[in-house]
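Notes to accompany the following structure.
The values are calculated or read from the model by the stated rules, or taken from the named source; none is laboratory data. Note that the structure is predicted; figures quoted are calculated from it, not measured. Cβ: placed from backbone, ideal geometry, glycine included. Neighbour counts: every protein chain shown.
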Amino acid sequence: MHLRSVEFQMPDRAEAVNFLVAPWGMTEVASQGPTTWLRGTAGQHYSVAITEGAERALLSATLTGTREEVEAVYERVRAAGLRHSEWIECFDEPGQSSGFHVAGLEGEPYRFVVEGDRAPDALPADRGCPIRIAHVVFNTSDREASTRVLTDVFGFRLSDRTAYMSFLRCDELHHVIAYADTKRPTLNHVAFEMQDTDAVLRGMGRLKDAGWGTVWGPGRHGPGDNVFAYFVGPFGACIEYTAEIQRVDEDYVTGTPDKWAFPTGRNDQWGIFSRDMDAMAASGATFPYHPLRAG
């Protein structure tokens, strides 16, 4: 299983698409009706979908796997009594996958789709372009319960826990979904994987030239050991460039909060820059979850 894409609803689709193409570095794939699809350089049909709508909302975070894997998750979702759509044989989008929508305990909008057998070729490597979606972080008021849904129903593994966050994986990446403690369940941020640290720094410079400064970074996280730089886009969502994400296997020992306790005043390994907490909190408040969709 892998994290494939995120789907947003936004009042101004053109503004969001223009930013994600330049300066962010995505490539537009197609537009149909109210939706535009964009990709990174990985061999995927798309990484981000932007649908025009009256309200800002996260429509879904999409995970993909073999038909056997996705059908197994579907059966566990039904047995667990989670809110979900019926099985959908063909989503009207690039790749035309089959699968289903399911809501987490606090409405987090997930979608599971079957990997197609006609994925496009990867684009040429380019330090200026994101590769793919690396992870999605949700705010939650019940981190332990939300984490259990992913491990017990979706089949994820818990990689690490800090005092405020839980990091979960479904492949070799240290985490593709994380939960952060908060009083209001909303989108926290979406991370885009870059080639390396140099690519993250170049991306920071490109966005600075375009008038978009960082709200946190550069830095290096504890859990996942990844380099990061955070921004708040013109559409309100907090988005991250990240690189050098730790790859783990079945022998990885789940970390506890004691392992990830930084010294007072520091919240990453480098400790170079402080966070603009007001900007990041305001961003989270702008992106609630869209009600579960039937199709």
Practice task
Please go through segment 233-265 and pick out each residue that is buried (at least 21 other Cβ atoms within 10 Å of the Cβ) and either touching a Pro at 6+ places or on another chain (Cβ under 6 Å) or aliphatic (A, V, I, L, M) (or both).
Solution key: A237, I239, A243, I245
Practice task
Kindly indicate whether any position in segment 199-220 is within 22 Å of D258 (Cα to Cα) and over 17 Å from the mean Cα position of the chain (by Cα).
Solution key: yes
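Out of F156, F100, I need the residue that is more than 19 Å from G219 (Cα to Cα), of a type in the set (F, W, Y), surrounded by fewer than 24 Cβ atoms within 10 Å (Cβ to Cβ) and in the same structural domain as R67 (by TED's automatic domain parsing). Which one?
Details: F156 fails: in the same structural domain as R67 (by TED's automatic domain parsing).
Sole residue among the options that is more than 19 Å from G219 (Cα to Cα), of a type in the set (F, W, Y), surrounded by fewer than 24 Cβ atoms within 10 Å (Cβ to Cβ) and in the same structural domain as R67 (by TED's automatic domain parsing): F100.
Considering each of F235, F228, F192 in turn, give the residue that is more than 21 Å from Q9 (Cα to Cα), in contact (Cβ under 8 Å) with a residue 40 or more places away in the chain and of a type in the set (F, W, Y).
Details: F235 fails: more than 21 Å from Q9 (Cα to Cα); F192 fails: more than 21 Å from Q9 (Cα to Cα).
Within the list F235, F228, F192, the selection yields F228.
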Practice task
Report yes if I245 is touching an Asp or Glu at 6+ places or on another chain (Cβ under 8 Å), under 27 Å from G25 (Cα atoms) and hydrophobic (A, V, I, L, M, F, W, C), otherwise no.
Solution key: yes
Practice task
Take the residues in segment 47-67 that are touching a Lys or Arg at 6+ places or on another chain (Cβ under 6 Å) and crowded, with 22+ Cβ neighbours inside 10 Å, then tell me which one is nearest to I177 (Cα to Cα).
Solution key: T62
Completion exercise
Being farther than 22 Å from R39 by Cα, of a type outside the set (S, T, Y) and surrounded by fewer than 23 Cβ atoms within 10 Å (Cβ to Cβ) narrows R184, R118 down to just R184
Exercise for the section: Kindly indicate whether any position in segment 77-95 is among the basic types (K, R), in contact with a helix residue (DSSP H, G or I) (Cβ under 6 Å, 6 or more places away or on another chain) and outside the structural domain of V149 (by TED's automatic domain parsing). Expected result: no
Practice task
Within segment 1-39, work out how many residues are in a loop (DSSP other than H, G, I, E, B) and either surrounded by fewer than 23 Cβ atoms within 10 Å (Cβ to Cβ) or of a type in the set (G, A, S) (or both).
Solution key: 9
Practice task
Output the residues belonging to segment 30-75 that are over 19 Å from the mean Cα position of the chain (by Cα) and more than 20 Å from E89 (Cβ to Cβ).
Solution key: A30, S31, P34, E52, G53, A54, E55
Handout entry: Index of the failed condition, M280 passing every other in (1) within 26 Å of T147 (Cβ to Cβ); (2) in a helix (DSSP H, G or I); (3) out of contact with any Cys (no Cβ under 7 Å at 6 or more places or on another chain); (4) not charged (D, E, K, R)
Key = (3)
Completion exercise
Of the conditions (1) in a loop (DSSP other than H, G, I, E, B); (2) closer than 29 Å to A285 by Cβ, the single one that A42 does not satisfy is (2)
Exercise for the section: Kindly indicate which of F91, F112 is out of contact with any strand residue (DSSP E or B) (no Cβ under 6 Å at 6 or more places or on another chain) and in contact (Cβ under 8 Å) with a residue 12 or more places away in the chain. Expected result: F91
